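These notes are about the structure you will find just below.
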Amino acid sequence: MLQRVYERRTQYNNDRRLADSWIWTTGKLIYYRMFARVYGFCGSFSQTVMVNSTWTKNHIDQLWSTDANIVYPPCDTDRLSDLPLDGRQTMIVSIAQFRPEKDHRMQVLALARLLEKYPEWQQNEKLKLVLIGTCRNQGDQGRIDDLKALAKELRLDDRVCFEVNASYDTLVSYLSKAKVGLHTMWNEHFGIGVVEYQTAGLIAVAHCSGGPKHDIVVNYANKPTGFLADSVETFADRLHDALTLSDEEYKEIASNARASASDRFSELAFSVELLRPLRQCLT
């Protein structure tokens, strides 16, 4: 008797939790759809709309029924473009805050897969992954601790380095030495860190989505500017491709990526593109 009562009670609780979850999910969907309608209604009155990427434009155009102007954020291309391309090390740099959406875990797993799939890298003691980012709070610190534990579990603690809350000079120092810049966030709206890689002369290996896919790691002058990936396996493959480029191949891609970034994402380009749509309001 007690067993049947327990089973019925357990089933009741499970059904109740399922119902509560369905109600909560449905409620959120109704809220977001209502908010999107109000947001779109307000946006439809805008005379000039500017967005930071193709990804953002597609969403705003859909919500606001407009034709937004893309104005890419400016990057410090002057200082970074002066960094030399010679003497680059087999170092992979990642620039990103230690937030969950940046997916640093995938970066550590991709490095492990690289060493497993291409065992020749196991003999290269200089191969390092340097994670550079800010730590905002205890949650970020917890993620850093988890990443260190994962690196130790995968026996990568001597290859994965952390530069937490590093100064800009330290960041530039790493950008001047590394050969590859790694980015793993899915659907990043733009991706200023990827632009910094290109400007500094690194080969970008970025997530095949959002800004990196549509705006940054794209062909320039009909030549490649980096590599795209979307899984641990493909990131490992693209890291291998980038790291095994000959000096001539590396300099050709790095120089083309730098020219692309300087032409499209400099402060001058930002000023020009910002004024272009504003003239419609001022004239």
Report task. Working only within region 200-226, note down all residues that are of a type in the set (D, E, K, R) and in contact with a Ser or Thr (Cβ under 6 Å, 6 or more places away or on another chain). Result -> D215
Requested in this report: State which residue is surrounded by the fewest Cβ atoms within 10 Å (Cβ to Cβ) when the search covers only region 75-105 and only residues that are of a type in the set (A, V, I, L, M, F, W, C), in contact with a Gly (Cβ under 8 Å, 6 or more places away or on another chain) and under 24 Å from D140 (Cβ atoms).
Outcome: A96
Query raised in the report: Got a number for residues in region 146-192 being polar (S, T, N, Q) and surrounded by 14 or more Cβ atoms within 10 Å (Cβ to Cβ)?
Result: 3
Query raised in the report: Which ranges mark the helices (runs of 4 or more DSSP H) fully within region 186-283 that have 1 or more residues being of a type in the set (K, R) and under 20 Å from W121 (Cβ atoms)?
Result: 232-243
**Report entry** Test for R143: is it of a type in the set (D, E, K, R), closer than 14 Å to S94 by Cα and in the same structural domain as I253 (by TED's automatic domain parsing)
**Finding:** no
Requested in this report: Considering each residue of region 144-169, count those that are touching a helix residue (DSSP H, G or I) at 6+ places or on another chain (Cβ under 7 Å) and basic (K, R), and give that number.
Outcome: 1
Report task. Among the residues of region 75-116, write down those that are small (G, A, S) and either outside the structural domain of L239 (by TED's automatic domain parsing) or not in a strand (DSSP E or B) (or both). Result -> S81, G87, A96, A110, A112
**Report entry** Boolean, Q123 is at pLDDT below 95 and more than 29 Å from T77 (Cα to Cα)
**Finding:** yes
Query raised in the report: Restricting to region 148-167, what's the tally of residues that are farther than 18 Å from C135 by Cα and either among the acidic types (D, E) or outside any helix (DSSP H, G or I) (or both)?
Result: 7
Query raised in the report: Can you name every residue in region 128-143 that is in a helix (DSSP H, G or I), out of contact with any helix residue (DSSP H, G or I) (no Cβ under 8 Å at 6 or more places or on another chain) and charged (D, E, K, R)?
Result: D140
Query - The one condition in (1) over 18 Å from the mean Cα position of the chain (by Cα); (2) surrounded by fewer than 19 Cβ atoms within 10 Å (Cβ to Cβ) that I253 fails to fulfil - result: (2)
Query - Among (1) aliphatic (A, V, I, L, M); (2) free of Cβ contacts under 8 Å to residues at least 12 places away in the same chain; (3) surrounded by 16 or more Cβ atoms within 10 Å (Cβ to Cβ), the one test that L282 misses - result: (3)
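The values are calculated or read from the model by the stated rules, or taken from the named source; none is laboratory data. Please read these numbers as outputs of a predicted model, since none were measured by experiment. For neighbour counting, all protein chains shown are included, and Cβ atoms are generated from backbone atoms with ideal geometry for every residue, glycine included.
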